[in-house]
Amino acid sequence: VVGILASRIKDRLHRPTIAFANGTDGNLKGSARSIKGIHIRDVLDAVATRHKGLVSKFGGHAMAAGLSLPSDNLEAFQLAFVEEVTRHAEDVELNAIIESDGELSQADIDLELAEALRYAGPWGQHFPEPVFDGEFKLVDQRIVGDRHLKLVLALPGSGELIDGIA
């Protein structure tokens with residue numbers, strides 16, 4: 001659960017994030033997620049090296065890691081972590097950038113292409129899922145369920161309507 005939480009916070013704030021939960025024997029267990037350009041395992045390694053005994057154990061890779069530390073070390077860890085991320089982030093874009101594969105032609109906006117893309121994966125860190133952009137006229141919108149947005153969009157230059165949900 002802490003990994004999911006860390007991932008959602010990282011996605012929303014576009015910053016390396018660690019979420020902690022109480023472990024056993026007065027320890028905290030953390031799950032870290034990072035952004036492009038900041039290797040989170042290297043950040044944790046630098047914290048552990050510069051501040052001996054602060055972190056009990058850690059491991060992971062560039063974009064995700066796990067760690068344990070005594071609960072009493074949390075405040076000191078927070079300061080060391082922020083300091084180390086700041087050092088690693090000197091040449092990193094800290095504003096989220098959405099890269100697009102461009103605009104689709106009207107002929108390509110159909111269920112057949114959407115299904116082909118759905119099964120074209122697997123998508124991952126060095127093989128991202130395609131993202132397209134374009135401008136549409138908003139015809140109607142409403143909330144369905146508790147938090148889903150139902151849209152009706154019109155393609156520019158045509159009366160063709162497209163249903164969407166977010």
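The values are calculated or read from the model by the stated rules, or taken from the named source; none is laboratory data. Values in this document were obtained by computation on a predicted structure and should not be read as measured data. Every residue, glycine among them, receives a Cβ derived from its backbone with ideal geometry; neighbour counts consider all protein chains shown. SASA here: full protein model, heavy atoms, side chains in, ligands and nucleic acids out. Shrake-Rupley method; radii C 1.70, N 1.55, O 1.52, S 1.80 Å.
Things to note:
- Counted residues, segment 10-44 - those being of a type in the set (Val, Ile, Thr) and free of Cβ contacts under 8 Å to residues at least 12 places away in the same chain: 1
- The residues in segment 114-140 that are open to solvent by less than 100 Å² (accessible area, probe 1.4 Å) and either part of a loop (DSSP other than H, G, I, E, B) or closer than 14 Å to ILE162 by Cα (or both) can be counted, and the count is 13.
- Answer residue from segment 141-166, given it is over 18 Å from ALA114 (Cβ atoms) and outside any strand (DSSP E or B) and is nearest to the chain's Cα centre (by Cα) among those: ARG147
- Qualifying positions in segment 84-100 - of a type in the set (Asp, Glu) and either open to solvent by less than 60 Å² (accessible area, probe 1.4 Å) or modelled with pLDDT of 95 or more (or both): GLU84
- Flag for PHE58 being within 22 Å of THR24 (Cβ to Cβ), outside any helix (DSSP H, G or I) and either at pLDDT 95 or above or open to solvent by 20 Å² or more (accessible area, probe 1.4 Å) (or both): yes
- Among (1) out of contact with any helix residue (DSSP H, G or I) (no Cβ under 9 Å at 6 or more places or on another chain); (2) open to solvent by less than 40 Å² (accessible area, probe 1.4 Å); (3) not in a helix (DSSP H, G or I), the one test that ALA19 misses: (1)
- Filter result for VAL43 (at pLDDT below 95 and not polar (S, T, N, Q)): no
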